[in-house]
Amino acid sequence: MRAELLAPAGSYEGLRAAVTAGADAVYIGGQMFGARAYAKNPDTDQLLEAIDYTHLHGRKIYMTVNTLLKNRELREQLYTYLAPYYQQGVDGVIVQDYGVLSFIKREFPGLPIHVSTQMAVTGPWGAELLKEAGASRIVTARELSLEEIHRIYLETGVEIESFIHGALCYCYSGMCLFSSMLGGRSGNRGRCAQPCRLPYEVYDGEKKLGNKGEEYPLSPKDMCTIDILPEILKAGVYSLKIEGRMKKPEYAAGVTRIYRKYLDLYEKNPKGYRVLESDRQELLKLYQRDGFHEGYYKQHNGRNMIAVQNLKAQDNREKGPGKRDEELFSQLKVQYVDKKLQEKIYGNVILFCGSPAILDLKYGSRHIQVEGEMVQAAQKQPLSAERVKKQMEKTGNTPFVFEGLDVQTDEQGFLPMQSLNELRRKGLEALTKECLSPYKRTLPVRTAKPDRMGKGAGDSKRFYVSVETWEQMEEALRRGEVDGIYCSISMFWGDSFEEKTRYAMEYIKEFGKECYLALPYIQREKILEGKEEELENLAGCLDGFLVRNPEELGYLKRLGLAKKAVCDYALYAFNDEAKAFLEDQGALRTTVPLELNGGEIRRRDNENSEWIIYGYYPMMISAQCLKKTCNTCGKKSGSTRLKDRYGNYFHTQCVCGFCYNVIYNSVPTGLLREADQVKAASVSAVRMNFTIEGKAETGRLLDLFLDVYKKNKDVPGQVPDFTKGHLKRGVE
């Protein structure tokens, strides 16, 4: 199968430039529900025109619907929004939201659904789960290696799309709350403020790490994979995706042009693949942050991947490395942005006196014929074949241009130029319709979806505690009002994993409490492979598993343990359709999303859901390691602190057993004075998440929250500094 080169389009202008530069397909957002809300996204008429434009030029167009949707948006807006694009023939939609996936599969049959990189699909089990749910393509997490991608391809056979060029997020896409929590601009809603591109200092205790001037430890360099393109293709990637919907059309065209060149060269002569240095330099001139790297395809993380100085942000001098090459951009504008792209067609005009004028047109395998006015006998000067041909070849701004045009005439008749123009217009319109008709769809009759709204859990809410240390666990066990404990898998990971876990779970059971094993924030690289028997054995004494990503949910489903899965916040049940999707996979409970406000939560189906009422929210989950970036990696779990421009400190945990970093908020969220609102939401359970707290602090906080939530005492006058998260403000 010939690979697809997929280019970004932040506007209709950008779409035309990318198509002209050689993209096989483009991805673009409309006015709603796209992950680039601040791009120059086309309005409805422009996007409908864009769908026709790509199809007339033999390309494909995918529409981004890759944000999380609230209940009202999904119920009242999504169908009306998508219907005209479905009818026009859009080739696919890119989605992040489980509810959107279910909704589109049901309401728009036959429309290909591509799972966004925002879902953070990291392995074959998650990919298989989503394939079975209706996804026709998986956009892999950008952190995956060639080996991991190849395994997904071999084990699922699903169509794979992966990024090959452009900017990278520091966090696993879809798992970032940094912009949301600090400024209310949610990346999950297409409004990321890019806090990762700002300066930070890194501390180990009181010691500042890193060299002077290296203030951008969260800012990845841009990715460029032109040299390893053959290896990416061999790994099973079908669609090669260029990032850049927020960049200028010239950028998209320039990058597309070079990758088109080398993709074609590879397909013609795989053994002779070689990249010219001049083309590497042109890619650097288009955009860079302190140079390029090849992404995560061949390395898990590394200092060389981070623009620690970020000259792009610092250097605005005329010839600084961050300046754009204006001459190159001017050339690209002329070559691709301003160029009119027309498809070559063949025609035959038949003009014989006393018969209707006929225009016969052929484009590829398509063929049409139209009739015009009756050809009259010439009173003075008959139309010559040359004159007819000259007039008919004026195709103007249409999508077509004549490569060959024959004129058959007895040169005795006459037609006004207006009639010839009308014949040409009629023919080109008929050819356009013939080209576009295979893409058109008819909307099916809608059927009512069963109402699954639950009745809630009343006032008898379970009280759970999540812990990451033994001393936190001991404090929770000492409180009789605590109903269950979630223990981080990191507490037991390593040698004698099953034995240590079983000991802890049996110990918890002695206190009459439920016990759960909290799986890693990210599951990849076969980390749980070989643990199937141990986890199946442990399942007998566990009440459940806390799962944080689709790979873990797919893994448990494969083991027949999905009914014991409690889906954490990052398996977003942002709307009732998404919650129903997770329950249909077998999930025991879901978690109330962290970005909904109080009113939105009250209007949500909260049956079999739990609400996190305390904890340092994870702001980022990253494959990168701050200690490694600062050249101090000791290859063992530990912690660092990030200091921002305002003097706020963000605790960062290095989880070496699973090789990722967790960056926590600088202030814990605590819904203490808001307990009545939480109780009124009819959730089944509440949960306190302990992460960096010591023994004494854990005990104090437990007593404080248990007094209010379980013993119904009044909130004391003095309480610690908490943030309310999004309870009041929510996200746009």
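Every number here is computed from the coordinates shown, using simple stated rules; none is lab data. Since the model is a prediction, treat every value here as computed from it, not as a measurement. Cβ atoms come from the backbone with ideal geometry, glycine included; neighbour counts cover every protein chain shown.
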Within-9-Å neighbourhood charge of GLY184 [Cβ basis; K, R +1; D, E -1]: +2
Alpha-carbon centroid distance for the pair the range 2-54 / the range 285-304, whole angstrom: 26 Å
Amide H contacts of MET620 (H built 1.01 Å from N, under 5 Å, at least 5 apart or other chain): LEU177, ILE663
Partners for LYS333 among aspartates and glutamates (Cα-Cα distance below 14 Å; same-chain residues under 8 apart left out): GLU13, GLU250, ASP325
The range 209-308: trypsin sites (Lys or Arg not before Pro) falling in loop per DSSP and having at most 15 other Cβ within 10 Å: LYS212, ARG274, LYS298
Computed E for GLU506/LEU154 - FRET, C-beta separation, R0 35 angstrom, nearest 0.05: 0.30
Volume in Å³ per residue [convex hull over Cα atoms, computed for the range 74-194]: 120 Å³
Binned Cα-Cα distance frequencies in the range 343-439 - 10 Å width, integer %: 17, 52, 25, 6, 1
Proximal aspartates and glutamates relative to LYS627, as straight alpha-carbon distance under 16 Å, when same-chain residues fewer than 8 apart are discounted: GLU201, ASP204, GLU206, GLU214, GLU215
Beta bridges by DSSP in the chain, antiparallel share as percent, to the nearest 5: 35 percent
Rounded tilt (10° steps) of 44-56 against the dominant C-alpha axis of the chain: 60 degrees
Gain in span if fully extended, ASP45 to ALA696, counting 0.36 nm per residue against the direct Cα distance: 228.2 nm
Pair GLN381, ASP279: separation of 7 Å Cα→Cβ label points (nm): 5.3 nm
Spread of Cα-to-Cα distances over 10 Å intervals beginning at zero, given as percent, for the range 244-288: 26, 49, 22, 3
FRET efficiency estimate (nearest 0.05) - Cβ-Cβ, HIS57 to MET246, R0 25 angstrom: 0.55
Folded to 0 to 90 degrees: helix 277-286 orientation relative to the chain principal axis, Cα: 70 degrees
The chain: angle of helix 417-436 to the longest principal axis, Cα-based, in degrees nearest 10: 30 degrees
Taking the chain and dividing mean pair separation by its residue count, relative contact order in percent (alpha carbons under 8 Å, at least six apart): 15 percent
Karplus 3J(HN,Hα) series, Hz, for the range 108-124 with 6.51 cos²θ - 1.76 cosθ + 1.60 (x for Gly, Pro): 10, x, x, 7, x, 10, 10, 6, 5, 4, 5, 7, 6, 7, 10, x, x
Other-chain or far-sequence residues with amide H under 5 Å of ARG289's (modelled H): ASP222
Mean Cβ count within 10 Å, highest first, over the residues of peptides 402-409, 369-376, 26-33: 26-33, 369-376, 402-409
Sparsely packed trypsin sites (Lys or Arg not before Pro) within the range 635-732, loop by DSSP, other Cβ within 10 Å at most 13: LYS635, LYS636, ARG645, ARG673, LYS711, LYS713, LYS728, ARG729
Mean Cα-pair separation over length for the range 343-439, i.e. relative contact order, pairs under 8 Å, 6 or more apart, %: 37 percent
Label-point separation, ARG729 to GLU411 (7 Å along Cα→Cβ), nm: 8.0 nm
Potential lengthening between PHE722 and ARG106 on full extension [0.36 nm per residue; Cα-Cα distance subtracted]: 217.5 nm
Length gained when the stretch GLU76-LYS643 is fully extended (0.36 nm per residue, less Cα-Cα span): 199.9 nm
Alpha carbon centroid spacing (whole Å) that separates the range 225-254 from the range 594-634: 31 Å
Hits among aspartates and glutamates - C-alpha to C-alpha of LYS449 under 13 Å, sequence gap 8 or more where chains match: GLU107, ASP576, GLU577
Answer label for volume of the Cα convex hull per residue in Å³ (calculated), chosen among (i) 173; (ii) 272; (iii) 151: (i)
Modelled FRET efficiency - R0 22 Å, LYS298 with LEU265, Cβ distances, 0.05 increments: 0.50
J(HN,Hα) series, the range 251-261, from Karplus relation 6.51 cos²θ - 1.76 cosθ + 1.60, nearest Hz, glycine and proline x: 5, 4, 5, x, 5, 4, 4, 6, 5, 4, 4
In sequence order, calculated HN-Hα J values of the range 489-505 (Karplus, 6.51, -1.76, 1.60; Hz; x Gly/Pro): 4, 5, 5, 10, 5, x, 4, 6, 4, 5, 4, 5, 5, 4, 4, 5, 5
ALA430 versus SER365: modelled label distance in nm, points set 7 Å from Cα along the beta carbon direction: 2.1 nm
The range 652-732: relative contact order in percent, alpha carbon pairs under 8 Å with at least 6 residues between: 38 percent
Gap separating the Cα centres of the range 537-589 and the range 370-432, nearest whole Å: 66 Å
Label point at LEU443 placed 7 Å out along Cα→Cβ; residues across the range 59-99 whose backbone nitrogen lies under 14 Å: 76-89
